[in-house]
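Down below is the structure, laid out as structure tokens.
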Amino acid sequence: MRALLVAAALLAAGCTNNPYPDDDARQKVLYAAFSEPPKTLDPQVSYTTVDHAVTGPVYDKLFEYHYLARPYRLIPGLAVEIPEPQAEAGGRVRYRFRLRAGVYFHEDPCFALSEAGRTTREVTSADIAFALARIADPDVNSPVVESFGRVVGFGEFGQRLAERRKTDADFAAKRIDRQYAELGGIAGVRLPASHELEIELTEPYPQILYWFAMEFTAPVPWEAVAFYDGRDGRDLFAEHPVGTGPFRLVRYDKRSRIVLERNRHWYGVEHPEWRAPAAVYPSEGEPDDGARGFLDPAYAGKALPFLDRVELRLDKEDIPAFTKFLQGYYDASGIIEESFDRVVKEGRLSPDMEALGMRLDRAVVPSIYYLGFNMTDGVVGTPAGEKGRKLRQAMSLAIDSREFTRIFQNGRGVPAQSPVAPGLFGYDEGYVNPFRKVDLERAAGLLREAGYPGGVDPATGRALRLTFDTGDTSARGRLRYQFFVDAWRRLGIDVEIAATTYNQFQDKVRKGAYQLFMWGWVADYPDPENFLFLLWSPMARSAGGPNTANFADPTYDRIFVAMRDRPNDAERLRLIRELVAIVERERPWIELFYPESYTLTHGWVRNAKPLGMSFSTLKYRDLDPAEREHLRREWNRPVMWPAWVLAVAAVVVVAPGVATVLRARR
Amino acid sequence: MLAYLVRRALFGAGTVLGVLLFLFVLFFLVTAPEDIARKSIGEKAPPEAIAQWLANHGYDKPLFWNAERPADTLLAEHFRRMLTFDFGVSDADGVPITRRLGEGVGPSLSLTVPLFLLGVPIGIGLALVAAFFRDSYIDRMGVVLCVLAMSVSLLLYIIGGQYLIGKLLRWFPISGFDPRPSVILRFLALPLIVGLLAGVGEHVRFYRTVFLEETGRDHVRTARAKGAGEGRVMTFHVLRNALIPILTQVVLEIPFLFTGSLLLESFFGIPGLGSITVDAIQGNDFATLRTMVYIGALLFILGQVLTDVSYTLVDPRVRLG
């Protein structure tokens with residue numbers, strides 16, 4: 001009996017749902033979940049949010065976004081300042097980037113390639129040029145090659161590289177940095193000094209600066225690319241990043257656990273006297289940031305980063321991940337659909353969650369969902385002239401974005417009025433699109449004027465028949481599209497859903513064989529150009545671009561180019577308003593909503609303002625481990641009585657049977 | 001015995017070639033490599049990037065026939081790679097598949113081996129108890145419980161286990177994996193309990209039937225007549241002779257310990273070979289998927305040979321030839 005009691009006590013003591021070693025409790029370790037393994041950590045290739053969760057803190061960029069200010073604003077990162085464009089002959093533009101001296105790469109054995117025994121080296125402008133050459137390199141498969149097409153000689157460098165590799169096996173076998181050097185690099189990328197870089201563009205393109213706030217252009221040591229080739233037991237570069245960031249990757253089991261550790265040699269840590277803008281916590285932000293606790297005087301102006309370690313754990317299933325968050329084992333979480341009503345009440349945190357000390361932060365993501373018309377279509381598009389325009393306007397007046405967002409997004413979205421999303425220059429909070437409210441009476445009038453009275457097509461004498469094309473065959477997708485079909489039915493228009501596989505849908509889009517569709521766009525960078533170019537005719541889908549509506553309007557095109565090439569000034573604002581007015585009138589899109597991200601954090605987490613974009617903000621975060629440990633213990637006491645009840649029940653049920661049988665056998 | 005093994009190996013080789021051909025049809029003819037490329041480098045990728053990816057991953061070769069270099073086709077490449085165990089790199093992230101398999105074996109075995117080592121003796125033990133108490137209410141209740149346990153889907157065990165033991169009772173982490181010795185047991189406890197509960201019904205029912213059949217035989221009756229105790233009868237006379245049908249089931253399971261459990265690993269976040277397979281299915285990583293299917297087929301063939309050989313070890317009457 002005593003042995004049984006000891007075993008029971010041991011069992012009870014061994015029972016814990018804490019997924020972390022006990023020693024971690026006292027350290028400043030931030031725990032977060034990721035739902036799928038990163039695809040690649042190669043900064044010139046990585047393009048997904050989960051990739052950026054790792055590459056973001058590891059690779060410093062030339063520029064970063066101000067953590068608190070909105071509209072989004074660039075601040076210098078590795079660069080000393082944000083350069084101004086210099087006009088050159090022939091309409092060309094030149095940028096000169098000045099880099100900070102004294103910034104070093106993470107310590108890594110790969111640097112022995114350049115000098116025996118070396119474990120790190122200083123970052124120079126050649127490392128940025130190397131990163132740009134990698135984007136151009138066809139073997140790297142960077143998804144953003146086209147975005148750098150305006151850099152003089154960019155495409156040509158890639159072509160020369162591919163041709164030379166094909167025809168000259170000796171060249172192809174050479175070390176990667178030597179291949180780039182032998183071809184003389186990209187013509188429009190020059191290195192006037194060890195910490196200066198010049199980029200020459202064929203035409204003005206102010207948005208190029210945003211690309212230098214992304215990992216694609218982060219400095220990369222050639223040694224890391226050459227060394228980590230996946231041979232002889234060495235890692236692949238795509239799994240072994242070597243950057244300069246505030247955190248370094250120390251463990252990469254991408255299918256279970258990723259660990260980032262504070263970089264003790266980060267320039268912000270080694271040189272607090274520089275007061276580099278990207279290395280200290282900001283002391284200014286949005287008007288309500290003070291009230292939301294993001295401008296705590298204890299942090300303002302303090303050197304970053306605050307965390308010792310970041311542990312990312314793979315949790316593919318939403319429910320277990322969210323449960324661990326509720327148990328206090330993850331510090332932050334999104335909100336899963338199954339628990340939405342429990343967590344959020346009328347757009348605010350529910351009292352239950354508030355009692356646990358949690359906080360809810362909302363951020364509108366610079367992205368948009370919209371319904372589009374194929375403008376090359378004979379019925380709904382430009383060929384139908386005024387008739388088509390009025391039909392589009394009428395159809396726009398039937399769609400209730402707020403209701404759609406409420407039903408299908410748990411209300412997580414702001415009804416969209418124009419292509420320009422909130423948080424961007426040119427977004428006008430007071431603007432109300434007259435065609436983006438439900439007004440069935442006006443819609444019916446417009447339909448009449450379009451020649452479809454009551455939605456009836458006079459050619460057939462029956463309801464006008466249109467097709468809604470989609471590449472989503474799921475039941476859930478069908479429900480969403482049915483919402484639109486029902487709305488248009490109220491106008492008397494009969495819209496049929498043509499759901500095919502994604503590939504068949506893509507094929508239809510390529511051939512222009514579609515009428516209505518739903519699409520979404522997530523901005524690469526927070527500039528109105530990145531949204532308004534979706535309606536610029538050279539970007540037409542039929543030509544492989546992202547203008548899915550195939551919208552082509554010469555006035556729009558002309559104003560767009562003028563707007564694109566301007567800095568953020570009053571004139572640019574005026575041009576944006578003109579573009580929005582054209583979209584309002586022509587209705588190639590029915591704007592639906594700008595999605596909102598909801599982030600839940602525990603009370604012990606500090607400075608967790610959501611950025612809304614796929615950029616890492618880990619270096620700004622802090623937490624109180626003692627408070628966390630106390631609450632975790634309180635929330636996770638194991639309930640042991642069912643085990644004892646089960647054991648007693650088993651004995652009570654089985655013992656008489658055993659006794660009877662044994663007696664009978666004897 | 002040797003002749004049998006040679007014959008079996010030749011038969012196995014034929015099956016392997018058939019499997020490889022089937023895999024080729026499935027993975028190269030039915031699916032378009034462009035889909036895999038798009039999944040890998042993103043929907044926004046321009047057509048040139050897709051073409052480059054296809055070239056980098058060797059998907060741009062002709063399928064069956066190359067007049068200039070007959071060996072340079074997708075079919076020849078597929079057979080060469082699989083037969084030489086040079087599986088190439090993953091379509092999803094470019095990591096060598098052999099390395100990925102190496103990383104996955106440990107976590108898989110850390111779950112499947114304890115599950116096997118605990119599951120078999122517990123199953124046999126409970127079945128022996130049921131046989132011992134045959135026709136009593138313990139036996140009947142056991143059979144009912146076994147049938148109930150077998151009727152419930154593994155998925156329900158997993159979700160129920162996570163909810164009850166992980167969330168409500170808070171005994172163990174609800175999911176996850178960490179190979180460090182200080183915490184690994186915490187993570188394995190719940191999948192082990194769930195795996196054992198889900199498998200025990202089927203095992204006990206099968207073993208019990210085997211044991212009951214055995215208890216009715218002449219040699220058992222003789223042993224009893226000679227005055228052997230019931231415990232001795234069950235262990236020496238029943239268990240030993242029931243080993244052949246048990247072995248058939250048990251030995252066949254051994255090779256599959258390496259491939260892991262698809263559902264358990266996937267739902268509990270154990271980064272073993274089972275979840276590698278599930279990830280490959282979800283991520284259109286066809287290079288990894290065809291390797292896993294191929295390895296599964298090889299292990300199945302191996303399991304069958306092992307079962308046959310094991311007969312000769314437990315039953316001297318069996319001769320393979």
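The values are calculated or read from the model by the stated rules, or taken from the named source; none is laboratory data. These figures come from a predicted structure and were not determined experimentally. Using ideal geometry, Cβ is built from the backbone for each residue, glycine included, and neighbour counts are taken over all protein chains shown.
Residues that are crowded, with 20+ Cβ neighbours inside 10 Å, more than 14 Å from chain B (Cβ to nearest Cβ) and more than 20 Å from A:LEU201 (Cβ to Cβ) do occur in segment A:127-149. Candidates A:MET358, A:MET395, A:MET375: the one that is among the hydrophobic types (A, V, I, L, M, F, W, C), out of contact with any Leu (no Cβ under 8 Å at 6 or more places or on another chain) and more than 30 Å from A:ASP569 (Cβ to Cβ) is A:MET375. The requirement of being β-branched (Val, Ile, Thr) and without any contact (Cβ under 8 Å) to a residue 24 or more places away in the chain is fulfilled nowhere in segment A:103-118; no residue meets it. Would you mind stating whether A:TRP635 is in contact (Cβ under 8 Å) with a residue 40 or more places away in the chain and touching a helix residue (DSSP H, G or I) at 6+ places or on another chain (Cβ under 6 Å)? For A:TRP635, the condition - in contact (Cβ under 8 Å) with a residue 40 or more places away in the chain and touching a helix residue (DSSP H, G or I) at 6+ places or on another chain (Cβ under 6 Å) - is not met. In the set (1) part of a loop (DSSP other than H, G, I, E, B); (2) closer than 30 Å to A:PRO71 by Cα; (3) among the charged types (D, E, K, R), A:GLU578 fails one condition alone, (1).
Screening A:ARG606 with (1) farther than 30 Å from B:LYS167 by Cα; (2) in contact with a strand residue (DSSP E or B) (Cβ under 7 Å, 6 or more places away or on another chain) gives one miss only, at (1). What are the residues in segment B:180-195 that are more than 8 Å from every other protein chain (Cβ to nearest Cβ) and assigned to a loop (DSSP other than H, G, I, E, B), if any? If the condition is that a residue be more than 8 Å from every other protein chain (Cβ to nearest Cβ) and assigned to a loop (DSSP other than H, G, I, E, B), then B:PRO181 is the only one that fits. Considering segment A:550-570, and only residues there that are in contact with a Lys or Arg (Cβ under 8 Å, 6 or more places away or on another chain) and in contact (Cβ under 8 Å) with a residue 60 or more places away in the chain, the residue that is nearest to A:THR470 (Cα to Cα) turns out to be A:ASN550. When we screen B:ILE270, B:ILE246 for residues that are surrounded by 16 or more Cβ atoms within 10 Å (Cβ to Cβ) and assigned to a loop (DSSP other than H, G, I, E, B), the only hit is B:ILE270.
When restricted to residues that are under 30 Å from A:VAL364 (Cβ atoms), without any contact (Cβ under 8 Å) to a residue 60 or more places away in the chain and not in a loop (DSSP other than H, G, I, E, B), segment A:611-632 contains 0.
Can we say A:THR555 is within 14 Å of chain B (Cβ to nearest Cβ) and over 30 Å from A:GLY285 (Cβ atoms)? Considered against the rule, which asks whether it is within 14 Å of chain B (Cβ to nearest Cβ) and over 30 Å from A:GLY285 (Cβ atoms), A:THR555 comes out as no.
Restricted to helices (runs of 4 or more DSSP H) entirely inside segment B:79-174, no element has at least 2 residues that are without any contact (Cβ under 8 Å) to a residue 12 or more places away in the chain, of a type outside the set (D, E, K, R) and within 30 Å of B:GLY14 (Cα to Cα). Residues considered: B:PRO96, B:PRO33. Of these, the only one that is within 13 Å of another protein chain (Cβ to nearest Cβ), in contact with a Leu (Cβ under 6 Å, 6 or more places away or on another chain) and surrounded by 15 or more Cβ atoms within 10 Å (Cβ to Cβ) is B:PRO33. Checking A:ARG190, A:ARG160 one by one, the residue that is more than 20 Å from A:VAL45 (Cα to Cα), away from every other protein chain (no Cβ under 14 Å) and not in a strand (DSSP E or B) is A:ARG160 and no other.
Here's a check for you: in segment A:583-610, which residue that is aliphatic (A, V, I, L, M) and not in a strand (DSSP E or B) is surrounded by the most Cβ atoms within 10 Å (Cβ to Cβ)? By that ranking, first place goes to A:VAL583. Just to be sure, is B:LEU212 touching a helix residue (DSSP H, G or I) at 6+ places or on another chain (Cβ under 7 Å), under 30 Å from B:PRO107 (Cα atoms) and either modelled with pLDDT under 90 or aliphatic (A, V, I, L, M) (or both)? Here the answer is no, as B:LEU212 does not meet what is asked.
Of the residues making up segment A:632-642, none is of a type in the set (Phe, Trp, Tyr), more than 14 Å from chain B (Cβ to nearest Cβ) and surrounded by 12 or more Cβ atoms within 10 Å (Cβ to Cβ).
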